[in-house]
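Asks: Take this structure, written in structure tokens, and hold onto it; I'll ask about it next.
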Amino acid sequence: MNLKLRMEYNPQDIEKKWQDHWKKYNTYKVDNNSKKPKFYALDMFPYPSGAGLHVGHPLGYIATDIMARYKRMSGYEVLHPMGFDSFGLPAEQYAIETGQHPAITTKQNIETFKNQLSKIGFDYDWDREIQTSSPQYYKWTQIIFQEIFESWYNYDTQKAEHINTLITHFEKNGNANVNAECDEDIIQFTATDWQNYSKHQQQEILLKYRLTFIADSFVNWCPALGTVLANDEVKDGLSERGGHPVERKKMRQWMMRITAYADRLLEGLENLEWSDALKEMQRNWIGKSTGCEIDFKVKDKNITLTAFTTRIDTIFGVSYLVLAPEHEIIGELTTLSQKNEVEKYVTWAKNRSERERQTEVKTVSGVFTGSYATNPFSDEKIPIWIADYVLSGYGTGVVMGVPSSDDRDFRFANNFNLPIKMVIEGTETMENPTEKKYGKMINSEFLNGLETKDAIAKAISFVKERNIGKAKVNFRLRDAVFSRQRYWGEPVPVYFKNGIPYLVPKENLPLTLPEISAYKPTEDGEPPLARATDWYYTDKNTGEKYPYEHSTMPGWAGSSWYFLRYMDANNDNELVSKNAMQYWQQVDLYVGGTEHAVGHLLYSRFWAKFLFDRGIINFDEPFKKLVNQGMIQGRSALIYRKKGENVYVDSELAKKYNEDELQQLHVDVNIVKNDILDIEAYKNWRNDEDWQKEMQNATFLTGENDAFNCDYLVEKMSKRWYNVVNPDDVIARYSADTLRLYEMFLGPLEQSKPWNTQGIDGTQRFLRKLWRLFYDEKDGNFLVKDETPTPAELKSLHKLLKGMHEEIAEYSFNTIVSKYMIVVNELSDLKCHKKAILEQLLQALAPFAPHITEELWENLGHKTSIHHSIMPNFEEKHLVESNFEYPISVNGKVRTQILFDLEKPTTEIEQEVLGNDIIQKWLEGKIPKKIIVVKGRIVNVVI
RNA sequence: GCCGAAGUGGUGGAAUGGUAGACACGCAAGACUUAAAAUCUUGUGAGCAGUAAUACUCGUGCGGGUUCAAGUCCCGCCUUUGGUACCA
């Protein structure tokens, strides 16, 4: 029996054995006091959804696991942790529907996830697990919030400082000369003013400077659901759930002044090893634009409208002004005759989502206010319009319309018959002048003849001279809304006294979520936490009770700093100890999807910079190197059934039917193999009686070879399409090592691809073939011998080692897997069972297939884990080639091959090539124009 | 709409500007077997000619361009896909 076990590759036993062993002996324990160089590999932690882990999740985890193991074998102390982003909407939604506390659902889901993860053979040190929804963790999220509350951004020092430095400044000098990121509506005050203000007034003022503050901002309010919705929960102005109307409503929200960091977030990108694509996305998101603010006086009214433009050079081409529908001044601008129309338009436009307003460029909409403004350059009278393509959140909410050089302005002017004035030379005759946006100025008085750049400079100095505006840098980036009208998030550790927020004392933290009767908002639209009874902050001295903040923190709060907590996950005194932080520093490798490109990755950078400013950490970028893994999509299986009949039709046969004769149905991908349906499994797909009865008389019209073929469709992996593949099933059927190899073999890590179990047999076969290099499967004999390897065997091994080291540095895991396959194929052909070769092969493979290699390593007689052995390097001497078979091409088309010594001089190669029969034939007696010889590559004869 | 990415055989994919299709799946034929599984061997982009070895033509989403040479570089499109600020 024992013999039989050893005879063939038996992954189920081996994998269980080693997973238990590693756990028992703490093989992957991480040491914060190590003397080794460190390597920190991190995955974007998962949201533990109720659906459990699907095969898409582990893709990135396997990649980091491979890197972690590779680095450990290369002499590094490796931190490779895992945890859960466990606050979130799905658990809350489930709680609303069922009344079950989201903590319960979350706990269950985390258990499922951990159970699934543990079977894949990751080297996590589970002692460092974190959960963002646990009070031990969110205590520190709350403390970071408090630090942000206690800070202001000083542009003079270019960093966040404690609010006390600002108070000192106010006490000495008032707020003159304070160069801070703050609210717009600041009034000037002196030191004496400050001292005379009441405590309340002082707090009010400070709130305008704090890095987190309270402001009104627009949200998608759904009165019927009594809740705020995300943009993607809104479809065509209606809620996705229930289809109720949604309106844009201003709500008091906590905000964070991320815009203070806009420049640093932009500059910081330079030194990061992130893909250019990702950096570009962040740059565009931050959207720095250098331009000019310019004042337009409204005719016959004491109103000035300030517009922001990056193209002040086109000022003479302005034919109208446009305001965002949210602009507060609209009421004053609207003339009596336009009042009805304006109000109608504003109500309509305000309730459109930003997405809609920007997407529908073809349908131009807007309304005339009845008022006019004066162009400060030309004194021309121009109409003032309102249009929803102007967003209130960007710039000043006022745009100067230049139809001749802006596409949206052009469409707008055309639609409303507004004049179009050409200001760039060459556009006069063009049907669409916006196709030429830069060039020499015309029709622009003193700007005439200047190139765009110079015209901008001259116009700006004119603006300054006349005091009608100023040069201005604008960012597309907006301050981040930090409130959520939800239950399942971190409570904001703040209470209110006379409408002013005060911090809950540190010793009272964590401020935990109170129990409430139902998890939805109150009838009058207050967040769920307003339902909590007797949830107040009690002043220790006076015994007075003050209400807590009722909104909770957003999903990004907990995930913006979690990488720090892993360094010192169980520290009750600090969010991370100095020692741990100084050892681990930045994350060396961060792997996750592009869907986080601008959300999570920008917020984490923001918080890291803040924590750096305040001296809590000593680096200001969290993730040094980042790799984006592609999405794993589902590959749904489709079958056809005749409409109204209990007859199923093979996909090939289905082509002969009319489309409306057949019904297309999704079928569970787990009962389909290589696009062929397992009919028996289908009959037992569902347990209920109706199904069983129906299946008794079901007919299956099969195709070739009596097989029932299915069609397929690539779409999101989701329960409802029956295309979810669970890693547990794959492991049970094949093995964890097979799954790991296959996920890597599927294609480049960065690329999105559909999951298709077709092909997984190949990686399983590879592992069995590897096993057969060690064991004779027929008689169970151990084949490994202590013999001296031949040059061919050494070459095969070192080709692999070279490729593996090179490609792992490029994260090209898929090509490494093929290199393993090639070496095992070659060694099998060579009948190589030599210890010196196989031992190193195992080490090279260990990061990818940790179980089988550990087992065979032990069988080779090793007493310590292969994962703590030293990774072998390659030696060039085994790889040297003396000659090369050159492809010989004529005019770029390969016609023959000739073997040449690599040292052979070019002239001799040329002669021999020209003498070759096949080349002679192609020359047809002509003399070649030239011959190109690229050493070790190719020869090209040009006729 | 805007920003980002991708498009190569029946399938997943490989290819420092230098022999397109490595490696693997699938399929076909054969070997072993009473049989099946497993394993092994051979073939497999399309077209065309040939009994055959082989030769030639076409071929990396579409249309242009640069180059001795383009899947790769440049210009213009098309399709799919991620993000678009309260999904995570």
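The values are calculated or read from the model by the stated rules, or taken from the named source; none is laboratory data. This structure is a prediction, so every number in the text was calculated from the model and none was measured. Heads up, the Cβs are rebuilt from the backbone with ideal geometry, glycines too, and the neighbour counts pull from every protein chain shown.
Asks: Tally the residues that are touching an Asp or Glu at 6+ places or on another chain (Cβ under 9 Å), among the β-branched types (Val, Ile, Thr) and more than 8 Å from RNA strand B (Cβ to nearest atom), restricting the search to segment A:798-826.
Replies: 1
Asks: For A:Glu77, which of the numbered conditions (1) within 25 Å of the chain's Cα centre (by Cα); (2) acidic (Asp, Glu); (3) more than 16 Å from RNA strand B (Cβ to nearest atom); (4) surrounded by fewer than 23 Cβ atoms within 10 Å (Cβ to Cβ) fails to hold?
Replies: Of the numbered conditions (1) within 25 Å of the chain's Cα centre (by Cα); (2) acidic (Asp, Glu); (3) more than 16 Å from RNA strand B (Cβ to nearest atom); (4) surrounded by fewer than 23 Cβ atoms within 10 Å (Cβ to Cβ), the odd one out for A:Glu77 is (1).
Asks: Given the residues A:Ile104, A:Ile62, which is the only one that is over 30 Å from A:Ser812 (Cβ atoms) and among the hydrophobic types (A, V, I, L, M, F, W, C)? If you could, list the steps in order and put the result at the bottom.
Replies: Working: A:Ile62 fails: over 30 Å from A:Ser812 (Cβ atoms).
Only one candidate passes the filter, namely A:Ile104.
Asks: Does segment A:617-643 hold any residues that are modelled with pLDDT of 85 or more and part of a loop (DSSP other than H, G, I, E, B), and which are they?
Replies: Selection gives A:Ile617, A:Asn618, A:Phe619, A:Asp620, A:Glu621, A:Pro622, A:Lys624, A:Gly630, A:Lys643.
Asks: A:Leu166 passes all but one of (1) crowded, with 20+ Cβ neighbours inside 10 Å; (2) closer than 30 Å to A:Arg69 by Cα; which number fails?
Replies: Unmet condition: (2).
Asks: Look through A:Ser217, A:Ser289, A:Ser239, A:Ser275 and report the one residue that is closer than 30 Å to A:Lys458 by Cβ and among the small types (Gly, Ala, Ser). Outline the logic, then answer.
Replies: On the way: A:Ser217 fails: closer than 30 Å to A:Lys458 by Cβ; A:Ser239 fails: closer than 30 Å to A:Lys458 by Cβ; A:Ser275 fails: closer than 30 Å to A:Lys458 by Cβ.
None of the others qualify; the one that does is A:Ser289.
Asks: What are the residues in segment A:647-679 that are at pLDDT 85 or above and more than 41 Å from the chain's Cα centre (by Cα), if any?
Replies: A:Val647, A:Tyr648, A:Val649
Asks: Please pick out the residue among A:Trp857, A:Trp922 that is surrounded by 18 or more Cβ atoms within 10 Å (Cβ to Cβ), within 23 Å of A:His805 (Cα to Cα) and not acidic (Asp, Glu). Don't jump to the end; show me each part of the working.
Replies: Numbers: A:Trp922 fails: within 23 Å of A:His805 (Cα to Cα).
Only one candidate passes the filter, namely A:Trp857.
Every residue, every condition in (1) within 14 Å of RNA strand B (Cβ to nearest atom); (2) in a loop (DSSP other than H, G, I, E, B); (3) surrounded by 22 or more Cβ atoms within 10 Å (Cβ to Cβ); (4) more than 18 Å from the chain's Cα centre (by Cα), yes or no:
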{"position": "A:Leu42", "(1), (2), (3), (4)": "no, no, yes, no"}
{"position": "A:Gly52", "(1), (2), (3), (4)": "no, yes, no, yes"}
{"position": "A:Gly60", "(1), (2), (3), (4)": "yes, no, yes, no"}
{"position": "A:Ile66", "(1), (2), (3), (4)": "no, no, yes, yes"}
{"position": "A:Arg69", "(1), (2), (3), (4)": "no, no, yes, yes"}
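Asks: Would you mind telling me which numbered condition in (1) closer than 26 Å to A:Ala95 by Cα; (2) in contact (Cβ under 8 Å) with a residue 12 or more places away in the chain A:Asp534 fails?
Replies: (2)
Asks: While we're on this one: Just the residues that are farther than 30 Å from A:Glu652 by Cα, within 11 Å of RNA strand B (Cβ to nearest atom) and not in a helix (DSSP H, G or I), please, taken from segment A:711-763.
Replies: A:Pro748, A:Leu749, A:Glu750, A:Gln751
Asks: Something else: Name the residues in segment A:580-615 that are more than 11 Å from RNA strand B (Cβ to nearest atom), in a loop (DSSP other than H, G, I, E, B) and buried (at least 20 other Cβ atoms within 10 Å of the Cβ), would you?
Replies: A:Asp588
Asks: Which condition does A:His868 not pass, out of (1) at pLDDT 90 or above; (2) within 16 Å of RNA strand B (Cβ to nearest atom); (3) of a type outside the set (Asp, Glu); (4) surrounded by fewer than 17 Cβ atoms within 10 Å (Cβ to Cβ), if it passes all the others?
Replies: (2)
Asks: Can you tell me which of A:Ile919, A:Ile909 is part of a helix (DSSP H, G or I), closer than 15 Å to A:Pro887 by Cα, touching a residue at least 24 places away in the same chain (Cβ under 8 Å) and within 54 Å of the chain's Cα centre (by Cα)?
Replies: Values: A:Ile919 fails: within 54 Å of the chain's Cα centre (by Cα).
One residue alone meets the criteria, A:Ile909.
Asks: Does segment A:159-167 contain at least one residue that is in a strand (DSSP E or B), modelled with pLDDT of 95 or more and basic (Lys, Arg)? Break it down into steps so the answer makes sense when it comes.
Replies: Step one: list which residues in segment A:159-167 are in a strand (DSSP E or B), which gives A:159-162.
With modelled with pLDDT of 95 or more added as a condition, the list becomes A:159-162.
In the following step, the residues that additionally are basic (Lys, Arg) were identified as A:159.
Yes, segment A:159-167 contains a residue that is in a strand (DSSP E or B), modelled with pLDDT of 95 or more and basic (Lys, Arg).
Asks: Only one residue in A:Phe884, A:Phe900, A:Phe848, A:Phe874 is in a loop (DSSP other than H, G, I, E, B) and within 16 Å of RNA strand B (Cβ to nearest atom), so which one is that?
Replies: Details: A:Phe884 fails: in a loop (DSSP other than H, G, I, E, B); A:Phe900 fails: in a loop (DSSP other than H, G, I, E, B); A:Phe874 fails: within 16 Å of RNA strand B (Cβ to nearest atom).
Step by step, each of A:Phe884, A:Phe900, A:Phe848, A:Phe874 is checked, and only A:Phe848 is in a loop (DSSP other than H, G, I, E, B) and within 16 Å of RNA strand B (Cβ to nearest atom).
Asks: Answer yes or no: is there a residue in segment A:691-699 that is in contact (Cβ under 8 Å) with a residue 40 or more places away in the chain, of a type outside the set (Val, Ile, Thr) and over 19 Å from A:Tyr722 (Cβ atoms).
Replies: Quick first cut of segment A:691-699, residues in contact (Cβ under 8 Å) with a residue 40 or more places away in the chain only: A:694, A:697-699.
Subset that is of a type outside the set (Val, Ile, Thr): A:694, A:697-698.
Within this subset, residues satisfying the condition of being over 19 Å from A:Tyr722 (Cβ atoms) are A:697.
Yes, some residue in segment A:691-699 is in contact (Cβ under 8 Å) with a residue 40 or more places away in the chain, of a type outside the set (Val, Ile, Thr) and over 19 Å from A:Tyr722 (Cβ atoms).
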